[in-house]
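Presented below is the structure to which this report refers.
The values are calculated or read from the model by the stated rules, or taken from the named source; none is laboratory data. The structure displayed is predicted, hence computed values, not measured ones. Note that we place each Cβ from the backbone using ideal geometry, even for glycine, and neighbour counts take in every protein chain shown. Ligands, DNA and RNA are excluded from the accessible area calculation, which covers all protein heavy atoms including side chains. Shrake-Rupley method; radii C 1.70, N 1.55, O 1.52, S 1.80 Å.
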Amino acid sequence: MMYPAAMWKPLKDATVQCCLCAHACVIRPGKKGQCGVRSNHDGALFTETYHAAAALNLDPVEKKPLHHFLPGSATLSLGTMGCNMRCDFCQNYSLSAPPRTGKPITGQSIPPAMLVAEALRCGAKSISYTYSEPTVFFELMQDTARLAADNGLLNIMVSNGFQSTDCLNALNGLIHACNIDLKAFSDVFYKERCGARLLPVLENLRHIRRMGWWLEVTTLLIPDANDTDAEIRAMATFIHDELGSDVPWHISRFHPAHKMLSTPPTTAVQLEQAWQIGKDTGLHYVYIGNLHGHPSEHTSCPSCGNIVVRRTGYKTTVSGIPACSKCGVLIPGIWNSPPGSGKA
Ligand code: SF4
């Protein structure tokens, strides 16, 4: 079902330009943009995702992953089909890939009011826009986030970070926390393996910090693709120097998927080496992801080493936030829901 799209401009001869992400697709009448979910009908742009929620689950917030945001809380997680990248290693390709190849865009119409009511009914503290790429369901995200905020819920965006600046600005004040992928530190990697570019992602990471959203960064560490010491150090240095040493960095284990089925999973040793590079670079909070039970899942005080949030899988025990119970150092993050949150 079509819904009028936001963020586009008319060009000549009923052609339009979508301004939602850094691709800035120029779309002729009857055609779609690269994501496959925004189409030009007679000189106007429409989205096909507004009425097509394809995944809706109650998740622990640690699964996003966010480790410095309402630990132990539940987040209602929403996604549609479609993505503005085409990563060879996509771990959610059944949702992200079909629209690009002309396959049907399926999902349920769940209006924002219903999503917010469901989040409140389930006791969620937040709504997450996640699973595929929330940029391509911007209109549904924006309307839901606005209503969620009015009802005391917080909003989380889990994204590849390839939006336009206008898109990010339009979400400012609505999104409280985000996890953004930094997939590699090479433009060639972004071009060849993701159909995108590195620089817009770096600029968006800087912009998100300037806007003050709570930010955590994730890198999927892929054997023989983005895992040299030099590249890992370059990513860690960028986070440290340009985003800040308190920005948490999640280094996640790759599992063979989509077009990279013959690449082996990342080993624990590779992940630990990357973790060490992150710590040596000066990052205070580096986490290994998708390797359940690893001690790096805990949040430790960067000053005295005391464990302030203990995680075993998705079981979370909080014992020293916002200030370390041993030495008093403040641990950055959003630790409490706003007053009145989670109430109908
Ligand atoms: S969201 Fe991005 S990929 Fe999709 S039509 Fe707009 S500019 Fe193109």
> What is the residue count in the stretch 189-242 for residues that are open to solvent by 20 Å² or more (accessible area, probe 1.4 Å), in a helix (DSSP H, G or I) and not acidic (Asp, Glu)?
Replying inline: 14
>> I'm told ASN57 meets every condition in (1) farther than 30 Å from VAL308 by Cα; (2) more than 12 Å from the ligand (Cβ to nearest atom); (3) without any contact (Cβ under 8 Å) to a residue 40 or more places away in the chain except one. Can you identify the failing condition by its number?
In response: (1)
>> Looking at the stretch 128-142 only, could you name the residues that are of a type in the set (S, T, N, Q) and part of a loop (DSSP other than H, G, I, E, B)?
In response: THR130, SER132
>> Looking at LEU58, LEU76, LEU95, can you tell me which residue is assigned by TED's automatic domain parsing to the domain that holds VAL136, within 20 Å of ASN179 (Cβ to Cβ) and surrounded by fewer than 19 Cβ atoms within 10 Å (Cβ to Cβ)?
In response: LEU58
>> Being at pLDDT 95 or above, out of contact with any strand residue (DSSP E or B) (no Cβ under 9 Å at 6 or more places or on another chain) and within 16 Å of the ligand (Cβ to nearest atom): is that true of ASN169 here?
In response: yes
> Would the stretch 143-151 turn up any residue that is in contact (Cβ under 8 Å) with a residue 24 or more places away in the chain and either in a loop (DSSP other than H, G, I, E, B) or within 15 Å of the ligand (Cβ to nearest atom) (or both)?
Replying inline: yes
>> With the requirement that a residue be farther than 27 Å from LEU198 by Cβ, touching a residue at least 24 places away in the same chain (Cβ under 8 Å), open to solvent by 50 Å² or more (accessible area, probe 1.4 Å) and within 15 Å of the ligand (Cβ to nearest atom), what does the stretch 10-45 give you?
In response: PRO10, HIS41
> Any chance the stretch 79-88 includes a residue that's more than 26 Å from TYR3 (Cβ to Cβ), at pLDDT 95 or above and within 16 Å of the ligand (Cβ to nearest atom)?
Replying inline: yes
